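Comments concern the structure below.
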Amino acid sequence: MSVDHDWSELPPELLDTIVNKLINLRDYLSFRAVCSNWRSSTPATPKNLPCQFPWLMLPKNRSNRRGFFNLLDNKLHFLNLPEASNRRRRCGSSHGWLIIVDESPSIFIINPLTKVTFNLPPLCQLPNVVNFDFYSVGREFTIQSPDGEVYTRNLKEIRDLFIKKVVLSHSPSRDPNFIAVMILNETGELAYCKNGENSWKFIDEARFFAEDVIYFDGLFYAVHKLGSIAVCDVSGDLPKVSFIETPRQIGGDIQYLVKTDDELLLVTRSLELDTDAAYHQLDVVYKTVEFRVFRLVLEGPRWEKVDSLGEKMLFLGENSSLALLASDYPGCEGNRIYFTDDYCEANYDGVNGNHDLGYYNLEDGRIEALSCYPRNSHSMLRWPPPIWFTPNPC
């Protein structure tokens, strides 16, 4: 004799046990959609989900909808995101938030899932901007270099080329006392601000440590082109900087820092010139050809070459560098580096791009295409190139 079960009447303690074992945002949303009782037993915003597998935010098309490709299920998700219009550029992706700079001096962060936004101090409040005049068309920004040279930049140059990346210390929804650190392209300086402040400050001692910045254990770590690290504590009134001086690390065109559970990694990315014939036009472009990985050994200190990442997967680009374990995501393989194009200085108003992205197999050095972006195919999608985004509903 069969017995019918009313799943909506499961006791609260059992529902708590089930929901606390969920690790995937999609499963969490499906759980809440079963019935009103299950939905009322769980918060709309999950608090205990681990870091989600990154989605690839695709270039903008003609509408305000932005495509986000999920490599785990090969599905494309669309979000209405007019905040990321063609006149704006995103200059970072951190803890599930996008950092977006406008052609005006404004810069803000937004969670694409919740649409919550926070304003950061405008770019005209950087210490090296000595004057901003919106009506001086074509030379709105007057900037002073560290050696005293004064020059001008227009709104578009500031938007597209002045900032390399912005990294956040925390998700602003989890900790409103977050700190943002900005890498400046032109001068190699690091600037920071705390939420609610009206201006940026320079970390003067860490100038030229501008290859990449990450945050962990209450500190920002910035890497120099030659491998040395500046450890920056900006929690107080004035920044405090100490250094990890390593032997010169020669090689690679771009450097990234990645924090895993048990070590600090330095990843170097090598590029080479290539020709790209498309649309009856011959262009010279850069292509990624190799990655090398090193772990920091504090005795010395020194960088030690890593031949295998094991179960680790790295996600590199304009996003805050991220490491995940393949075993936590069914169907994934470790020892891979997923990368996007983060070195292009193309015109963001619309250039047909052959975007340099894919994944690198550290075991044999092969570069493979992502299923949504065949390598060496010519995309008619507009710039900017794709960026990794970690979906975070809080």
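The values are calculated or read from the model by the stated rules, or taken from the named source; none is laboratory data. The structure presented is a predicted model; accordingly, all values stated were derived computationally and were not measured. Backbone-built Cβ (ideal geometry, glycine too); neighbour counts: all protein chains shown. Remember, those area values only see protein heavy atoms, side chains included, never the ligands or the DNA or RNA. Shrake-Rupley method; radii C 1.70, N 1.55, O 1.52, S 1.80 Å.
Taking the range 301-323, which residues are farther than 18 Å from Pro386 by Cβ and part of a strand (DSSP E or B)? Spell out the reasoning first.
Pass one, the range 301-323, residues farther than 18 Å from Pro386 by Cβ: 301-312, 323.
Residues satisfying the conditions are Arg302, Trp303, Glu304, Lys305, Val306, Lys312, Ala323.
Of the residues Tyr373, Tyr360, Tyr343, which is within 22 Å of Glu290 (Cβ to Cβ), hydroxyl-bearing (Ser, Thr, Tyr) and modelled with pLDDT of 85 or more? Talk me through it step by step, then tell me what you get.
On the way: Tyr373 fails: modelled with pLDDT of 85 or more; Tyr343 fails: modelled with pLDDT of 85 or more.
The match here is Tyr360.
For the range 92-167, give me every one of the strands (runs of 3 or more DSSP E) that falls completely inside it and has 2 or more residues that are of a type in the set (A, V, I, L, M, F, W, C) and more than 23 Å from the chain's Cα centre (by Cα). Talk me through it step by step, then tell me what you get.
Values: elements: 97-102, 107-110, 117-120, 129-132, 141-144, 150-153.
Result: 129-132, 141-144.
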**Study point:** Among (1) in contact with a helix residue (DSSP H, G or I) (Cβ under 9 Å, 6 or more places away or on another chain); (2) more than 25 Å from Leu314 (Cα to Cα); (3) touching a residue at least 60 places away in the same chain (Cβ under 8 Å), the one test that Arg90 misses
**Key:** (2)
Point to revise | Residue in the range 75-91 that is most open to solvent (accessible area, probe 1.4 Å), counting only those that are in contact with an Asp or Glu (Cβ under 8 Å, 6 or more places away or on another chain) and outside any strand (DSSP E or B) | key: Arg87
